[in-house]
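Peer 1: Would you mind keeping the following structure in view while I ask a few things?
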Amino acid sequence: MIRYIIIDTESDLMIGDCTDILGFSEEGISRDYNEYDLTIAGLKLSDTYIQHYLATKSSMKEINLYMLDQEGNKLNSHSFFLHKPYFFHKRAIPQERFNLEVSGGFSNLPSDEAMKIWKQWVVAKPTMKNTWENLSSEQLLGWLEVIRVHSGFNKPQEEDQKKMIFIWI
């Protein structure tokens with residue numbers, strides 16, 4: 001199952017999709033120094049990105065990781081910058097799914113509590129109202145973080161266009 005889409009920040013092209021990102025959402029990871037070794041598991045490079053890469057020989061420096069729900073809808077996005085640029089042309093470009101290991105840091109990583117909620121939302125968004133009522137104060141902060149990111153991330157385009165028209169009038 002595809003759980004993430006990876007976008008190259010510089011070109012705004014989809015690098016590919018993957019089945020998991022190890023080292024991203026596990027509990028107990030030290031977040032003190034913003035140093036992460038990620039394994040992008042089951043990465044399948046998109047044909048568009050391969051063509052772009054072969055034409056430009058550019059490097060991958062910063063990526064956006066989009067978490068997907070069961071239906072393939074984007075839930076959120078996290079910006080990850082690589083400590084060392086990654087060049088595919090120095091290696092054979094894989095045509096099949098493969099694991100890519102990268103090191104770097106996040107621009108803004110969710111808290112442990114928010115990651116627990118995101119993991120639940122990957123399976124299914126809550127259907128009952130007021131599910132937050134019985135949460136501890138730490139869990140509530142995680143819940144509010146998820147709601148803030150998700151509501152800003154999934155605004156309907158029509159609403160954005162209406163706001164844009166209002167601003168220009």
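The values are calculated or read from the model by the stated rules, or taken from the named source; none is laboratory data. The structure displayed is predicted, hence computed values, not measured ones. Every residue, glycine among them, receives a Cβ derived from its backbone with ideal geometry; neighbour counts consider all protein chains shown. Surface areas here come from the heavy atoms of the whole protein model, side chains and all, with no ligands, DNA or RNA. Shrake-Rupley method; radii C 1.70, N 1.55, O 1.52, S 1.80 Å.
Peer 1: For region 133-143, give me each residue that is surrounded by 15 or more Cβ atoms within 10 Å (Cβ to Cβ) and either assigned to a helix (DSSP H, G or I) or at pLDDT below 80 (or both). First the steps, then the outcome.
Peer 2: Filtering region 133-143 down to residues surrounded by 15 or more Cβ atoms within 10 Å (Cβ to Cβ) leaves 135, 139, 142-143.
Hits for region 133-143 are Gln139, Gly142, Trp143.
Peer 1: Now, a different point. In region 71-101, which residues are in contact with an Asp or Glu (Cβ under 8 Å, 6 or more places away or on another chain), among the aliphatic types (A, V, I, L, M) and modelled with pLDDT of 90 or more?
Peer 2: Answer for region 71-101, where residues must be in contact with an Asp or Glu (Cβ under 8 Å, 6 or more places away or on another chain), among the aliphatic types (A, V, I, L, M) and modelled with pLDDT of 90 or more: just Leu82.
Peer 1: Same structure, new question: Applying the selection to region 120-132, what residues are surrounded by fewer than 12 Cβ atoms within 10 Å (Cβ to Cβ) and either within 18 Å of Met67 (Cβ to Cβ) or within 16 Å of the chain's Cα centre (by Cα) (or both)? Give the steps one after another, and end with the answer.
Peer 2: So the first thing to find is which residues in region 120-132 are surrounded by fewer than 12 Cβ atoms within 10 Å (Cβ to Cβ), and the list is 123-124, 127-130.
Selection gives Val123, Ala124.
Peer 1: Taking Leu68 and the conditions (1) open to solvent by less than 10 Å² (accessible area, probe 1.4 Å); (2) modelled with pLDDT under 85; (3) under 23 Å from Val146 (Cβ atoms), which numbered condition does it fall short on, given that it satisfies the others?
Peer 2: The number of the failed condition is (2).
Peer 1: Which strands (runs of 3 or more DSSP E) sit wholly inside region 1-98 and have at least 3 residues that are over 13 Å from the mean Cα position of the chain (by Cα) and within 20 Å of Gly142 (Cβ to Cβ)?
Peer 2: Values: elements: 4-8, 14-18, 20-22, 36-45, 60-68, 74-86.
Ranges flagged: none.
Peer 1: Could you tell me how many of the residues in region 99-132 are in a loop (DSSP other than H, G, I, E, B) and within 15 Å of Tyr4 (Cα to Cα)?
Peer 2: The initial filter retains those residues of region 99-132 that are in a loop (DSSP other than H, G, I, E, B), namely 107-111, 124-132.
Next cut, within 15 Å of Tyr4 (Cα to Cα) only: none.
Within region 99-132, residues that are in a loop (DSSP other than H, G, I, E, B) and within 15 Å of Tyr4 (Cα to Cα) number 0.
Residue-by-condition table, conditions (1) under 21 Å from Gln70 (Cα atoms); (2) open to solvent by 60 Å² or more (accessible area, probe 1.4 Å); (3) not acidic (Asp, Glu):
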| site | (1), (2), (3) |
| --- | --- |
| His83 | no, yes, yes |
| His89 | no, yes, yes |
| Ile93 | no, no, yes |
| Asn99 | no, yes, yes |
| Ser103 | no, no, yes |
| Ser107 | no, yes, yes |
| Ser111 | no, no, yes |
| Ala114 | yes, no, yes |
| Val149 | yes, no, yes |
